[in-house]
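Peer 1: Dumping the structure here so I can ask a few things about it.
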Amino acid sequence: RNSIGIETCINEGVDYNQVMRNTSNLVAALLIYFDLGTDRVLQHRSFSGKLCPQVMIQNYLLDNFQSMVDNEYIIRKYFNGIDIKYESNNPELLSNDGKILKAVNSDTKVSYKVTVTYNGKTKTFEKETIVKPIV
């Protein structure tokens with residue numbers, strides 16, 4: 001009566017990045033629908049104490065997921081009609097749609113261009129992130 005639980009299934013061969021995008025989209029939509037802020041997003045372990053979501057915790061992806069939710073929330077709430085395009089500067093490691101294309105053995109810096117068009121105006125940003133090895 002006071003929370004919404006979202007389960008994600010990560011099976012062999014699934015596009016993990018797409019699962020996280022779909023989930024962050026759903027979370028942002030629910031936050032807006034119920035007039036809640038992104039600070040209300042909690043992990044299963046906050047309620048149960050168990051190591052869950054295990055893949056996200058063990059691979060240090062919780063902050064990344066929260067950023068995805070924050071970004072989607074801002075876009076949905078304040079910038080309806082915005083167009084965002086990504087271009088990888090490291091196409092051997094990272095596709096233009098954010099998929100990690102091959103595993104890395106150590107923390108690896110990647111960068112990409114983000115082009116945002118809103119109300120007929122376009123701006124491009126350079127962003128960097130670290131791809132971590134999967135444990």
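The values are calculated or read from the model by the stated rules, or taken from the named source; none is laboratory data. Just so it is clear, the model here is predicted, and its values are computed rather than measured. Note that we place each Cβ from the backbone using ideal geometry, even for glycine, and neighbour counts take in every protein chain shown. We work out accessible area using only protein heavy atoms, side chains counted, and drop any ligands, DNA or RNA first. Shrake-Rupley method; radii C 1.70, N 1.55, O 1.52, S 1.80 Å.
Peer 1: Condition check: assigned to a strand (DSSP E or B) and loosely packed, with under 12 Cβ neighbours inside 10 Å. Does K123 satisfy that? Talk me through it step by step, then tell me what you get.
Peer 2: Values: assigned to a strand (DSSP E or B): yes; loosely packed, with under 12 Cβ neighbours inside 10 Å: yes.
Yes: the conditions hold for K123.
Peer 1: Could you tell me how many of the residues in the range 30-43 are part of a helix (DSSP H, G or I) and modelled with pLDDT under 90?
Peer 2: Of the residues in the range 30-43, the ones part of a helix (DSSP H, G or I) are 30-33, 38-40.
Those still in the list that are modelled with pLDDT under 90 too: none.
Within the range 30-43, residues that are part of a helix (DSSP H, G or I) and modelled with pLDDT under 90 number 0.
Peer 1: Does at least one position in the range 50-67 carry a residue that is of a type in the set (G, A, S) and more than 17 Å from F125 (Cβ to Cβ)?
Peer 2: Within the range 50-67, not a single residue is of a type in the set (G, A, S) and more than 17 Å from F125 (Cβ to Cβ).
Peer 1: In this structure, is D83 of a type in the set (D, E) and either in contact with a Ser or Thr (Cβ under 6 Å, 6 or more places away or on another chain) or closer than 27 Å to G5 by Cα (or both)?
Peer 2: For D83, the condition - of a type in the set (D, E) and either in contact with a Ser or Thr (Cβ under 6 Å, 6 or more places away or on another chain) or closer than 27 Å to G5 by Cα (or both) - is met.
Peer 1: Name the one entry in V14, V27, V69 that is surrounded by 11 or more Cβ atoms within 10 Å (Cβ to Cβ), β-branched (V, I, T) and not in a helix (DSSP H, G or I).
Peer 2: Going through V14, V27, V69 in turn, the sole match is V14.
Residues checked against (1) open to solvent by less than 80 Å² (accessible area, probe 1.4 Å); (2) in a helix (DSSP H, G or I); (3) of a type in the set (A, V, I, L, M, F, W, C):
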| position | (1), (2), (3) |
| --- | --- |
| E7 | no, no, no |
| I10 | yes, no, yes |
| C52 | yes, no, yes |
| V55 | yes, yes, yes |
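Peer 1: Under 6 Å by Cβ, and 6 or more places apart or on different chains, what pairs join a residue from the range 81-103 that is among the polar types (S, T, N, Q) with one that is open to solvent by 60 Å² or more (accessible area, probe 1.4 Å) and part of a loop (DSSP other than H, G, I, E, B)?
Peer 2: Short answer, once both residue conditions are applied: S88/N96; S95/L101.
Peer 1: Return the only residue of N80, N96 being assigned to a loop (DSSP other than H, G, I, E, B), exposed (fewer than 12 other Cβ atoms within 10 Å of the Cβ) and not charged (D, E, K, R).
Peer 2: Sole residue among the options that is assigned to a loop (DSSP other than H, G, I, E, B), exposed (fewer than 12 other Cβ atoms within 10 Å of the Cβ) and not charged (D, E, K, R): N80.
Peer 1: Now for a different question. Among the residues of the range 31-40, which ones are aliphatic (A, V, I, L, M) and over 11 Å from E72 (Cβ atoms)?
Peer 2: Within the range 31-40, the first condition is being aliphatic (A, V, I, L, M), and the residues that meet it are 31-32, 36.
If the condition is that a residue be aliphatic (A, V, I, L, M) and over 11 Å from E72 (Cβ atoms), then L36 is the only one that fits.
Peer 1: Continuing with this model, one more query. Of all the residues that make up the range 104-124, how many are in contact (Cβ under 8 Å) with a residue 24 or more places away in the chain and touching a Lys or Arg at 6+ places or on another chain (Cβ under 7 Å)?
Peer 2: Final tally of qualifying residues: 5.
Peer 1: Taking only pairs six or more apart or across chains, which ones have beta-carbon atoms under 9 Å, a first residue in the range 50-71 that is among the aromatic types (F, W, Y), and a second residue that is buried (at least 16 other Cβ atoms within 10 Å of the Cβ)?
Peer 2: F65/M20; F65/T23; F65/S24; F65/V27; F65/V41; F65/P53; F65/M56
Peer 1: Mind checking which residues of the range 31-42 are of a type outside the set (G, A, S) and open to solvent by less than 50 Å² (accessible area, probe 1.4 Å)?
Peer 2: Within the range 31-42, L31, T38, V41 qualify.
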